[in-house]
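*Asks:* Right, I'll just put the structure down here and ask away after.
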Amino acid sequence: MDEKDKTSTPSHEDLVGNREHAEDALFRGELPYEPQPPEPDIGLAGLYRTTRKSGKRGEELETQQSVAQTKVREILSDHQRLSRDPNAPEGSAIFSFLDSNYQSLVTEITSQCIANFELGLYRRDYPFIMNNRNPQSSDQEIREAHLLSQRSIVVETAAAVMKAMPAFIGNPDRIKETEKKDITKIVSNWGPEFTIQWFDGTIINKHFVELGMEEAEIGELMEVFTSSLRKYLAVHNINDPLAALERVKDNIDLLTDQAITEKTGWSPEEVREVFTSSLRKRLVVNNINDPLAALERVKDNIDLLTDQAIAEKTGWSPEEVREVFTSGIRKYLAVNNINDPLAALERVKDNIDLLTDQAIAEKTGWSPEEVREVFTSSIRKRLAVVNINDPLAALERVKDNIDLLTDQAIAEKTGWSPEEVREVFTSSIRKYLAVGNINDPLKGVKDYIAGNISFGGRYYDDKK
């Protein structure tokens, strides 16, 4: 921050006309995406970012931050009054709070951001924002000019807070303390444009392109970087969120078939079946510091998922547990619910309650009789487990599978005539295949002919 930045102040009350000056003073250096631009090229947010980890603190700072809190409330309260005053001077307000609760929330977060900016200034021995730069001056104009500068900084910070809030909260009336802290952190360290472009994927996509990644690979990663994950990476790697992205990319290269095989003791085939490309990406993102260490927890999770433990959680018999919870499914649960695999079984129980005759009939368009015939207790249990996040969504795939099992498609798969297909593959059998082989119903056609699967009170795809 150069000498000019420390002393320049706006000379009028036109907040609208002064926005560019205020935004530059606050957030210069947040874009483009350099984590640490040179200090002369950063605003107050960047200054706080470079000084927040260490430096002096003292009674003078604490007193000043308390004073700043009071002034922020006064400035934003006055700004709200002007925003509703039809006779207010032109340009004297740039927004209006929706209600008093929203005003209180934004004021609280803005106060903490200003306190953070004051800390950055204090550690560089620059004048505080919320103090007169020359309190002994008898020149009323100088004091008023500085007051107006405070006003611009505070109001623009509040505007930045409001721009950043949608990325962090869904309902301002039910905001959590952690959400307030996260908003404060990202606005204080970066600013609103960085926040918006981080969450809409602009920054992440641009960075991966600069790393030389292919479009398809970037697309897969962008699916992994959900909104909650982007929030986590930005807040927990606040000084350099871009570096966190590079660590993710490096970690993906670590999770080879061989590395996972050595850590888990599974066969290469089991590794490839369970550890899909998207799952590996999730593991490296969620265990960014040591993705291979997560595999130890996977092994421990397998040991937890015993017949007895699952039976106690679900209320099923040991026979039902062994039938539905195959080795492959237990591995899936151990990996996809790495922090608490047994907790996933509560969702399985809830899913069973969702898969009623009526719910299935409404989703498939089948009659209640057809539903009861095809969707046996065993099938419903399997759907509840394999589609643990949304068991009813699996029924959409069942409908699509029925459309796949046409006379022509079955004839091509079997080499039979259309007449033979219609004779053997009745409507009922096609429904069984659509459900029991939900991922690949045409594969079930060949298995059925080969005698590898059967229909009745117990039906499932043994190959899964």
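What follows draws every value from the coordinates through simple rules; no lab data is involved. Bear in mind that the values here come from a model prediction, so they are computed numbers and not experimental data. Neighbour counts run over all protein chains shown; Cβ positions are idealised from the backbone, glycine included.
*Asks:* Can you give the local net charge around Thr178? Use residues other than it whose beta-carbon is closer than 11 angstrom to its beta-carbon, Lys and Arg +1, Asp and Glu -1.
*Replies:* Charge balance near Thr178 sits at +2.
*Asks:* Sorting check: for 439-447, 173-181, 42-50, which peptide has the highest mean count of neighbouring beta carbons within 10 Å, and how do the rest follow?
*Replies:* Sorting 439-447, 173-181, 42-50 by mean packing, highest first, produces 42-50, 439-447, 173-181.
*Asks:* Let me ask you something else. What do you get for Rg/Rh over region 206-290 if you use C-alpha atoms and the Kirkwood form of Rh?
*Replies:* Expressed as Rg/Rh, it is 0.99.
*Asks:* Right, next: By its C-alpha gyration tensor, with a ≥ b ≥ c as the square roots of the eigenvalues, how is region 3-194 shaped: rounded for a/c under 1.5, else prolate for a/b larger than b/c, else oblate?
*Replies:* Judged from the Cα gyration tensor, region 3-194 comes out rounded (a/c under 1.5).
*Asks:* Of Lys331/Lys431; Lys363/Lys399; Lys231/Lys331, which sit over 18 Å apart, Cα to Cα?
*Replies:* In this structure, Lys331/Lys431; Lys231/Lys331 lie more than 18 Å apart at Cα.
*Asks:* Turning to a different aspect of this structure: Scan region 67-131 for GluC sites (Glu not before Pro) in coil per DSSP, keeping those whose Cβ has at most 15 other Cβ atoms within 10 Å, and list them by number.
*Replies:* Filter output for region 67-131: Glu90.
*Asks:* Right, something else. Return the Rg/Rh value of region 241-309, two decimal places, where both radii are evaluated on C-alpha atoms and Rh is the Kirkwood radius.
*Replies:* Value, to two decimals: 1.02.
*Asks:* Which value results when the Cα radius of gyration for the chain is divided by 2.2 N^0.38 Å?
*Replies:* The reported ratio for this selection is 1.34.
*Asks:* Determine which lysines satisfy two conditions relative to Lys71: a Cα distance under 24 Å, and not lying fewer than 8 residues away in the same chain.
*Replies:* Straight-distance partners of Lys71: Lys6, Lys56, Lys163, Lys180, Lys181, Lys185.
*Asks:* Okay, next question. Please give the calculated 222 nm ellipticity per residue for the chain, where each DSSP H segment of at least 4 residues contributes -39500 (n - 2.57) and the sum is spread over every residue; nearest 500 deg cm²/dmol?
*Replies:* Computed ellipticity for the chain at 222 nm equals -20000 deg cm²/dmol.
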